[in-house]
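Enquirer: There's a structure below that I have some questions on.
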Amino acid sequence: MSNQIDETADDELIRSGRDAEATTRALVRAARRRFATEGYRATTVRQIAADVGVNVALINRIFVSKDGLFEACMLRTSSELDAQQPTRPATIEAVIERLIMHVVNAPNGDDPLQLLLLLRSSGDENADRIRRRTLEHFTERLAAAAGWSADDPATEHVLLRAQLAIATMLGVVMLRASAVAEPVASATADDLTEPLSHVFGALLGAAQHRPASD
């Protein structure tokens, strides 16, 4: 409901021409929808401009290029995923709790778009590089919360475990929000919390204590 209210407010500001920030938000929202559902190559900036009711020149002025607009979509996705985790979690349990909450709260209006952008190859080298960078950023933040340090080779295994935890989270959310696969699609918070706690705990909790293999 709050997303719908925000979008309506943005639309009114765009029509009035009073708010450049609202226009930028609307362009990123429309672009993410197009990129996620139709793919990077098939989407044109002209289509995105038409969706928002602005001219193509405005997109070029704000984002420079289609690549720039795609990167803005990925940055928004990265920020939304980061928002699921505290900047400095007190414990790994707090991080696990937030990962579970992201799964439990799915589906919402934007989750499928987030995940399609992260998981779907675009067929464009530049766009795929931006997508991989976003996934790497999210993985490294999670791994750092679990004890990984780029300067400590002994913690290298934590990075892999963080990536496996992210793959689990994204996969379950996709099943709930996009594929609507039963029984996970209608599973309650109580149904999901216990098994996901075991999975994430095994990956991230154990990662803090297991020495790296030779």
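Enquirer: Ignoring ligands, DNA and RNA, what percent of the accessible area of region 141-202 is carbon or sulfur (1.4 Å)?
Expert: On the way: 1910 of 3170 Å².
Answer for region 141-202: carbon and sulfur cover 60 percent of the accessible area.
Enquirer: In bins 10 Å wide, starting from 0, what share of all Cα pairs of region 142-187 does each bin hold, as a percent?
Expert: Reading the bins upward from 0: 28, 32, 22, 15, 2.
Enquirer: From the phi angles alone, apply the Karplus equation (6.51, -1.76, 1.60; θ = phi - 60°) to region 180-196 and give each ³J(HN,Hα) in whole Hz, x where the residue is Gly or Pro.
Expert: Each residue's phi maps through the Karplus curve to give 6, 8, 8, x, 5, 4, 9, 4, 8, 4, 5, 4, 8, 4, 5, x, 5 Hz.
Enquirer: How many Å³ per residue does the convex hull of the Cα positions in region 32-80 occupy? Let's see the in-between values first.
Expert: On the way: hull volume 3.6 nm³, N = 49.
That works out to 73 Å³ per residue.
Enquirer: Give me the accessible area per residue for region 17-77, probe 1.4 Å, as a whole number in Å².
Expert: Result: 49 Å² of accessible area for each residue.
Enquirer: Also: Output needed for region 90-206: three equivalent-ellipsoid semi-axes, defined as square roots of 5 times the C-alpha gyration tensor eigenvalues, in descending order, whole Å. If you can, show how the numbers build up before the last one.
Expert: Values: eigenvalues 110, 91, 19 Å².
Equivalent ellipsoid semi-axes, largest first: 23, 21, 10 Å.
The values are calculated or read from the model by the stated rules, or taken from the named source; none is laboratory data. From a predicted model like this one, the values you see are computed outputs, not experimental measurements. These accessible areas exclude ligands, DNA and RNA; they are computed on the full protein's heavy atoms, side chains included. Shrake-Rupley method; radii C 1.70, N 1.55, O 1.52, S 1.80 Å.
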